Amino acid sequence: MSEKNAENQAGNASQVPFDASKLRELIKLMEAQAVQDPIMSRLEREEAEEKKAVHEFWSTQPVPKSVEMVEKDGPLHPPLSPEQIRQEPYELSAGLKWSDVDVEDSGDIKELHDLLLENYVEDADSMFRFNYSAEFIRWALMPPGFSKQWHVGVRDEETGELMAFISGIPVDTMVRDKVVRMAEINFLCLHKSLRSQRLAPLLIKEVTRRVHKVGIFQAIYTVGRLLPKPVSTCRYFHRTLNPRKLMDTGFSQKLEGPQLAKLLSVMRLPANASIPGLRPMRKGDVGQVRKLLNRYLKNRAELLPVFSTDAEIAHWFLPREGVIWTYVVDDPEHPGKLTDFVSFYSLPSSVLRTTRAQGKSASKKPVGNAPVRKQHTTVNAAYLFYYGTRTEFEIKLSDEEKAVCGGKKKEKALVKEKENELVKQRLCALVGDALVMANNEKFDVFNCLEMMDNAMFTKELKFGPGDGHLRYYLFNYLARPVEASKIGFVML
Ligand SMILES: CC(C)(COP(=O)(O)OP(=O)(O)OC[C@H]1O[C@@H](n2cnc3c(N)ncnc32)[C@H](O)[C@@H]1OP(=O)(O)O)[C@@H](O)C(=O)NCCC(=O)NCCS
């Protein structure tokens, strides 16, 4: 999750003449290269290792092999007939039992919250762990059509304690030109005491069995680590909102003196949003947001959810305190007509330990007027959710431009380029305003993945590339690789 400085990337060594100051620049460039290379080589190393890995479980499942080149989209296996679907749950090891988790029940939701709080995803250095609020978990697991049977828990038979969990929710997923009813699998979590005992495959098989029972045979899931075989890989990007806190918690590199002053000034945001007519989404906006979103995703992405009903939009997008924020742009010239929307959600991370340097300084007594480093328990992170804006513009090329193009194909490319430029301008303003709103809500950092059209604004809005990646997987559905910019599916 930690942030790497993006500003180091510019430049081309061959343009650097040989004088002392330029030589220093060259050294800086090489250092910058060294910062980037470990990340690139880590991905390459993971891929090389994965090609040789043996997957006792995944080799038995309908997913492509890591070495396989997928050339055509479609299901791997046909649907199972009811007789082919196992009726009874898989057998658990002694002392454990299956138990549906009722997230509407205050006791169950607290137990699930606590299981995730103590045992869910950590970063590679175990400095941070996701800290989903109970209200967030309810939002994530209770969309229209959800089923309690897909909120699969495992309890200790003796103590009744919740020891493991996996969830599914239904989602219509579009993979290029096909819409497939799928299960969106999430929140796979084992208590730390149950790791490395091959329990995860049982949870996956059990939720699959339950999904099969209602006639769904495909699933979508995301994992940070490499498994057979991702359909896409997206890098995390981070936009600092509260630089001092991010440094104090070890989330980002510590700076001092003029470098810190520069960072604070570069990252400062205005107090108010810039787009006239931007306001929080209300009930009456649901229909227009649905149209904007579906149209945007279908125009721009190859892997996307399809929001078929207003109820789904109301669930996912109407603002919920502390969970999801959605802002629409109500066109001031045509009041009531929405032109865009943008949304983000809150997913804090618990701070498990600070960096070594901070550990040392924290244990020292402050000297004189030296600033006291604050201890923080959480990093408040906002994550970009969906957005939508106009994508069709009536662009007319001038006669001069047409002459330069010299043919229809190039003219079409130029029109596309101009369209993209307009989308880019709008997204910079829209997500820029989302940053202002998130900053006013006291978030410390605003994260997004390198997906959808996010590459259009990350540089302008001062996001930096992180060292984490999220991989997208499909179960029982072969799909040719999807570029990160064509991923239109946000998983919580
Ligand atoms: C992820 C987690 C459930 C895996 O548990 P584990 O004890 O390491 O793994 P098990 O011994 O039970 O099972 C190993 C098998 O599960 C697979 N597996 C591990 N994590 C997986 C994941 N996130 N998704 C799918 N499969 C996974 C392994 O690849 C392996 O199968 P293989 O032999 O075919 O490669 C556990 O580490 C955990 O709870 N981590 C914290 C939460 C987390 O990271 N959740 C995943 C979010 S995507």
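Taken together, the values in this text are just the output of simple stated rules run on the coordinates, not laboratory data. Since this is a predicted model, take the numbers as computed values, not measurements. For neighbour counting, all protein chains shown are included, and Cβ atoms are generated from backbone atoms with ideal geometry for every residue, glycine included.
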> Based on the Cα gyration tensor of the range 63-230, what are the three equivalent ellipsoid semi-axes, each the root of five times an eigenvalue, rounded to whole Å and given largest first?
Replying inline: 27, 19, 17
> Once both labels are modelled 7 Å past Cα along the beta-carbon direction, what's the Glu161-Asn299 spacing in nm?
Replying inline: 5.3 nm
>> For the chain, what does the helix formula give at 222 nm: sum of -39500 (n - 2.57) over DSSP H segments with n ≥ 4, over the residue count, nearest 500 deg cm²/dmol?
In response: -10500 deg cm²/dmol
> Label 7 Å along Cα→Cβ of Glu333; the range 248-290 residues with amide nitrogen under 14 Å?
Replying inline: 276-277
> How many Å³ per residue does the convex hull of the Cα positions in the chain occupy?
Replying inline: 198 Å³
>> Taking R0 as 25 Å, what FRET efficiency do you get between Ala124 and Met267 from their Cβ-Cβ distance, rounded to the nearest 0.05?
In response: 0.50
> Which cross-chain or sequence-distant (5 or more) residues have an amide H under 5 Å from the amide H of Glu161, H modelled 1.01 Å from N in plane?
Replying inline: Asp156
> Can you give me the Cα centroid spacing of the range 462-487 and the range 200-262 in angstrom?
Replying inline: 11 Å
> Rounded to the nearest 0.05, what FRET efficiency do Lys410 and Val214 have when you use their Cβ-Cβ distance and R0 = 45 Å?
Replying inline: 0.35
> Taking 0.36 nm per residue of separation and subtracting the Cα-Cα distance, what length does fully extending Lys291 through Gln197 add?
Replying inline: 29.2 nm
>> Give the separation of the Cα centroids, the range 375-451 to the range 96-167, in Å.
In response: 36 Å
> Taking a spot 7 Å from the Cα of Gln425 along the direction of its beta carbon, which residues of the range 436-464 have an amide N less than 20 Å from it?
Replying inline: 453-462
> Can you give the % of DSSP beta bridges in the range 63-230 that are antiparallel, to the nearest 5?
Replying inline: 90 percent
> Which pairs in the list Lys337/Lys410; Lys254/Lys459; Lys110/Lys462; Lys52/Lys192; Lys148/Lys283 are over 31 Å apart, alpha-carbon to alpha-carbon?
Replying inline: Lys337/Lys410; Lys110/Lys462
> Taking 0.36 nm per residue of separation and subtracting the Cα-Cα distance, what length does fully extending Glu83 through Lys459 add?
Replying inline: 130.0 nm
> Expressed in nm to one decimal, what extension gain is obtained for the pair Leu117 and Ala94 from 0.36 nm per residue of sequence separation less their Cα-Cα distance?
Replying inline: 5.7 nm
